[in-house]
Amino acid sequence: MDLMFRSINCDAFENIYKDLLNQFPVKELKTYDEFLELLGTDEYKIYQVIDNNVEVAYVILFEDKVHKVIWLDYIAVFTEFHSLGYGSRILDGLKSLYPDYTGCYLEVEKVNSDDITTVRRVKFYKKNGAEKLDINYIYPNNYGGLEMDLYFIPYKEVSVGKEFSIHVIQYVFSKLHNNILCINDILTKILE
């Protein structure tokens, strides 16, 4: 049976935010109020992922309607459902949810050989078709930014070039990270 993606509103976000705080480092998270502000737009979406009437995960993404790509902001499977294959099914389900889109961008923590979680995460994304982009990517935050890798999962037989990806980054940053004080410095570093 296919997974069901159910869009939620601000009212249902509180429990997801609590889970975000448990599953993601603070330096990778927006504040609660920042999330609520983004959820007030028609481009920022949170989907509950339902399997057999049970919520197993959630996906938070930005629909870049200009470039016809999605920017996966967060994907998380609830702890009790880890290692059951939901991650791959969710990434596959997003392709079906966005059939007219070219693909999906992912911000991924850099591999640290001392942290097996980072190694497994990259292996997982690559197994699901993600390609690491040749971009010096920095995740914007008010701590000066966090060096990460940027990946792309194509939904069609197309590869995205660096120039296209830079345009996407600039557009997405203007929508998702316009509150970051050092955003222009971070963009400059990415463009170097």
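Look through Lys18, Lys68 and report the one residue that is of a type in the set (Lys, Arg) and on the phi > 0 side of the Ramachandran plot. If you could, list the steps in order and put the result at the bottom.
Numbers: Lys18 fails: on the phi > 0 side of the Ramachandran plot.
Criteria check complete, one pass: Lys68.
Which numbered condition trips up Lys27, out of (1) charged (D, E, K, R); (2) surrounded by 13 or more Cβ atoms within 10 Å (Cβ to Cβ); (3) touching a residue at least 60 places away in the same chain (Cβ under 8 Å)?
Unmet condition: (2).
Residue under question is Lys95, and the condition is that it be touching a Phe, Trp or Tyr at 6+ places or on another chain (Cβ under 8 Å) and either under 17 Å from Leu3 (Cα atoms) or surrounded by fewer than 16 Cβ atoms within 10 Å (Cβ to Cβ) (or both); does it hold?
Yes, satisfied.
In the range 98-108, is there at least one residue being closer than 23 Å to Leu146 by Cα, of a type in the set (A, V, I, L, M) and free of Cβ contacts under 8 Å to residues at least 60 places away in the same chain?
Yes, some residue in the range 98-108 is closer than 23 Å to Leu146 by Cα, of a type in the set (A, V, I, L, M) and free of Cβ contacts under 8 Å to residues at least 60 places away in the same chain.
If you go through the range 53-92 one residue at a time, how many are of a type outside the set (Ser, Thr, Tyr) and closer than 16 Å to Ile8 by Cβ? Can you show your working first?
First pass over the range 53-92, keeping only residues of a type outside the set (Ser, Thr, Tyr): 53-57, 59-73, 75-78, 80-82, 84-85, 87, 89-92.
When the remaining residues are screened for being closer than 16 Å to Ile8 by Cβ, the result is 53-57, 59-63, 73, 75-76, 78, 90.
Residues that pass the stated criteria total 15.
Looking only at the range 159-184, which residues are more than 24 Å from Lys123 (Cβ to Cβ), in contact (Cβ under 8 Å) with a residue 40 or more places away in the chain and outside any helix (DSSP H, G or I)?
Of everything in the range 159-184, those that are more than 24 Å from Lys123 (Cβ to Cβ), in contact (Cβ under 8 Å) with a residue 40 or more places away in the chain and outside any helix (DSSP H, G or I) turn out to be Asn179, Ile180, Cys182.
Which condition number does Phe5 fail, the rest of (1) more than 17 Å from Ile70 (Cβ to Cβ); (2) assigned to a strand (DSSP E or B) being met?
(1)
If you go through the range 102-111 one residue at a time, do you hit one that is among the polar types (S, T, N, Q) and touching a Leu at 6+ places or on another chain (Cβ under 9 Å)? Even if it seems obvious, please write down each step before you answer.
At the first step, the residues of the range 102-111 found to be among the polar types (S, T, N, Q) are 102.
Checking the rest, the ones that are also touching a Leu at 6+ places or on another chain (Cβ under 9 Å) come to none.
No.
Among (1) surrounded by fewer than 17 Cβ atoms within 10 Å (Cβ to Cβ); (2) within 19 Å of Lys175 (Cα to Cα); (3) touching a strand residue (DSSP E or B) at 6+ places or on another chain (Cβ under 6 Å), where does Lys68 come up short?
Failing condition for Lys68: (3).
The conditions are (1) at pLDDT below 95; (2) within 30 Å of Ile166 (Cα to Cα), and Tyr58 fails exactly one of them. Which is it?
The number of the failed condition is (1).
How many residues are part of a helix (DSSP H, G or I) and either without any contact (Cβ under 8 Å) to a residue 12 or more places away in the chain or out of contact with any Asp or Glu (no Cβ under 9 Å at 6 or more places or on another chain) (or both) if we restrict to the range 61-91? Step through it out loud before you land on a result.
Taking the range 61-91 first, the residues part of a helix (DSSP H, G or I) are 79-81, 86-91.
Filter once more, keeping what is either without any contact (Cβ under 8 Å) to a residue 12 or more places away in the chain or out of contact with any Asp or Glu (no Cβ under 9 Å at 6 or more places or on another chain) (or both): 80, 87-88, 90-91.
Within the range 61-91, residues that are part of a helix (DSSP H, G or I) and either without any contact (Cβ under 8 Å) to a residue 12 or more places away in the chain or out of contact with any Asp or Glu (no Cβ under 9 Å at 6 or more places or on another chain) (or both) number 5.
Which count do you get for residues in the range 109-137 that are surrounded by 12 or more Cβ atoms within 10 Å (Cβ to Cβ), free of Cβ contacts under 8 Å to residues at least 12 places away in the same chain and either in contact with a His (Cβ under 9 Å, 6 or more places away or on another chain) or among the hydroxyl-bearing types (Ser, Thr, Tyr) (or both)?
Counting residues in the range 109-137 that are surrounded by 12 or more Cβ atoms within 10 Å (Cβ to Cβ), free of Cβ contacts under 8 Å to residues at least 12 places away in the same chain and either in contact with a His (Cβ under 9 Å, 6 or more places away or on another chain) or among the hydroxyl-bearing types (Ser, Thr, Tyr) (or both) gives 1.
The values are calculated or read from the model by the stated rules, or taken from the named source; none is laboratory data. On a predicted model such as this, the values are computed, not experimentally measured, just so you know. Note: ideal-geometry Cβ built from the backbone for every residue, glycine included; neighbour counts use all protein chains shown.
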